[in-house]
Amino acid sequence: MAILTVEDLHKNYGPIQALKGVSFTVPQGSVFGILGPNGSGKTTLLGIILNVLKATSGSFKLFDSAPTHVHRQQIGTLLETPNFYHYLNAVQNLKIAATIKQQGLADIDRVLELVNLEQRKFSKFSTYSLGMKQRLAIASSLLGNPDVLIFDEPTNGLDPVGIAETRELIKKLHKAGKTIIMASHLLDEVEKVCTHVAILQKGTLLTHGHVDEILITDEIVEIAAANMQQLQSILQQYPGAKKVVVNDLYVELTFPPGAASLEALNRYCFEQGVTLHHLRLRKKSLETKFFELTQNTK
Amino acid sequence: MGQLLALEWMKLKNYRAFWILFCIYLATIFGANYIVYRIQLIIYSERQSKGFATMVLGNPPYAFPTVWQAVAHVSSWLLFIPGLIMILTVTNEYSFKTHRQNIIDGWTRQQFITSKILFAAVLALISTLMVAITAVIFGFMSGEASFSFEGFSYVWYFLLQAMSYIMVALLMAVLFKRGGLAIGVFFAYSTVLEQIAVLLLNKYANYAGRYLPLETTDIMVPFPYIQRIVNKLMFTEPNYTAIFIASLVYLGAYLFVTLKKFQTDDM
């Protein structure tokens, strides 16, 4: 069963096209990352799925059927910002959410404990820090232990500990068999927790699929020796290298994933009469990869 | 329907600004009538002015049976307060974005806006109940005539008037979304702009001003005796049946536009 199927979704805000025919499918049990820079249409896409925005054209299905409010009751959601009544405390706010979701009130203490808010559960929402607000929103999304969760920038406003805890929570939920749809502009976050990814740019879906296929990153080896010119000339013919680039400090060789062997390179250079004083393997940064993905299809 | 109101209650019961405004409102219904009642006492206690007032007005307005009408009319000047409460409860949702969250959590848009319309109806009913209680109190305080339900129909007209004002407020809140703007437009229209339009249209357009939205319900609850005198001065009597139908049509229109707007807008 597909949890979410999006078909040719368009959304215009006046003359601005926020979504230009987006289609993809979220399989059950996946952690599906929607990745894109600010303003790429991530929140618009999720807003349409949650019925707070109206699509200009196109359609989507939840659980393989036409979407209704009952589906939304079964999905835990954190969209954009934590939205709560400022003059109510955490428990009072969660009672409202639980009532709308048709859930019992017994679950409130459990979810507050999960996000470490039980100490402050009787404080007004307006007195919360940004991170606490975000944690309350995560708690609200966990009410009733839903099988599907939608998180829009879930680590927004959290401190490093909060970010790590949220990632752990997402991994734990994934292990428990939940399907998680997560929008983020942080590549590193998507790479760390997602199984699938869709990349959005300016309202267009550039690519989507399994994270290992989309975010594969080339390996780069930095090499330096006393005689850089000689080094460069012997490396031009090095078998298996995709690209050889010379910069101020190093010669950089690019290899397909898993193909770089430092040992072989070292031996090759030595046999050619060059002794190295720097040899280091690094992965192409995700940012570079992301720029590549978003530049190519312009 | 019960669940929608129960949820509205959960939102309001711990909201202090609401309770302050609400208590002030109930107190001013009693207070404003008390002021007019005191004026009546002064006029009717002096022999000379009493004679004149009895000639023009008849019995004291705050005595049965006219007390229903008098209290309904005086209280109707305060209907901007429940309007304000209505706007506040809706635009709060917009500024906290909780209307979004309610939908995300699994309400339909219709459920959300219906809960607000039900709240408007409850506000109108409580206002009407307060008017009825106040009328009974002042009726007995005036003490000149015995209790009577004659003229109680004005309390029902007040209910229609209250519903009309509060629904206009709800419409403003849904149209403008921001509290300050909605309150400003609602106040300006209900207290000044429409009155000016009524005067101009009545003067230059064959009394068409009587059919303006809030005027249709205002005109049905005049102060006792006054309307009779005013009507005598005018050349045409208002067609109350047509005005009553117009007020119901307006009420239907407020409902329709509010529902439509909330169901089709992006949030």
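The values are calculated or read from the model by the stated rules, or taken from the named source; none is laboratory data. Just so we're clear, the structure is a prediction, and the values are computed from it rather than from any experiment. Glycine also receives a Cβ, built like all others from the backbone with ideal geometry; neighbour counts cover every protein chain displayed. For accessibility, only protein heavy atoms count, side chains too; no ligands or nucleic acids. Shrake-Rupley method; radii C 1.70, N 1.55, O 1.52, S 1.80 Å.
Checked against the criteria, A:V161 does not count as out of contact with any Ser or Thr (no Cβ under 8 Å at 6 or more places or on another chain), open to solvent by 40 Å² or more (accessible area, probe 1.4 Å), within 14 Å of chain B (Cβ to nearest Cβ) and part of a helix (DSSP H, G or I). Restricted to the range B:118-133, and to residues there that are buried (at least 18 other Cβ atoms within 10 Å of the Cβ) and over 11 Å from B:V155 (Cα atoms), the residue that is nearest to the chain's Cα centre (by Cα) is B:A124. The set of residues in the range A:1-46 being in a strand (DSSP E or B), open to solvent by 50 Å² or more (accessible area, probe 1.4 Å) and aliphatic (A, V, I, L, M) consists of A:I16 alone. Among residues belonging to the range B:47-72 that are crowded, with 21+ Cβ neighbours inside 10 Å, in a helix (DSSP H, G or I) and not polar (S, T, N, Q), point out the one that is farthest from the chain's Cα centre (by Cα). Here the answer is B:V67.
Is one or more of the residues making up the range A:52-75 open to solvent by 40 Å² or more (accessible area, probe 1.4 Å), aliphatic (A, V, I, L, M), assigned to a helix (DSSP H, G or I) and within 11 Å of chain B (Cβ to nearest Cβ)? So far as the range A:52-75 goes, yes, one or more of its residues are open to solvent by 40 Å² or more (accessible area, probe 1.4 Å), aliphatic (A, V, I, L, M), assigned to a helix (DSSP H, G or I) and within 11 Å of chain B (Cβ to nearest Cβ).
A:Y85 passes every criterion in (1) within 14 Å of chain B (Cβ to nearest Cβ); (2) touching a residue at least 24 places away in the same chain (Cβ under 8 Å); (3) out of contact with any His (no Cβ under 8 Å at 6 or more places or on another chain); (4) open to solvent by 30 Å² or more (accessible area, probe 1.4 Å) apart from (4). Being within 20 Å of B:V257 (Cα to Cα), touching a residue at least 12 places away in the same chain (Cβ under 8 Å) and either more than 14 Å from chain A (Cβ to nearest Cβ) or among the aliphatic types (A, V, I, L, M) (or both) is true of B:Q161.
In the range B:208-266, the qualifying residues are those that are under 30 Å from A:V52 (Cβ atoms), buried (at least 18 other Cβ atoms within 10 Å of the Cβ) and of a type in the set (A, V, I, L, M, F, W, C), and the one that is farthest from the other protein chains (Cβ to nearest Cβ) is B:L251.
For the range A:239-256, a tally of residues being under 21 Å from A:L215 (Cβ atoms) and either among the charged types (D, E, K, R) or open to solvent by 70 Å² or more (accessible area, probe 1.4 Å) (or both) returns 3.
Looking at this structure, is B:L199 closer than 23 Å to B:I245 by Cα, open to solvent by 60 Å² or more (accessible area, probe 1.4 Å) and of a type outside the set (S, T, Y)? When the stated conditions are applied, B:L199 passes them. A residue that is loosely packed, with under 15 Cβ neighbours inside 10 Å and outside any helix (DSSP H, G or I) occurs somewhere in the range B:27-46. Figure legend. Inter-residue proximity from the range B:187-210: first residues more than 21 Å from B:W77 (Cα to Cα), second residues aromatic (F, W, Y), beta-carbon distance below 9 Å, spacing 6+ or different chains. Indicated pairs: B:L201/B:Y207; B:L201/B:Y211; B:Y207/B:F235. Annotation: A:A259 fulfils all but one of (1) assigned to a loop (DSSP other than H, G, I, E, B); (2) exposed (fewer than 12 other Cβ atoms within 10 Å of the Cβ); the unmet one is (2).
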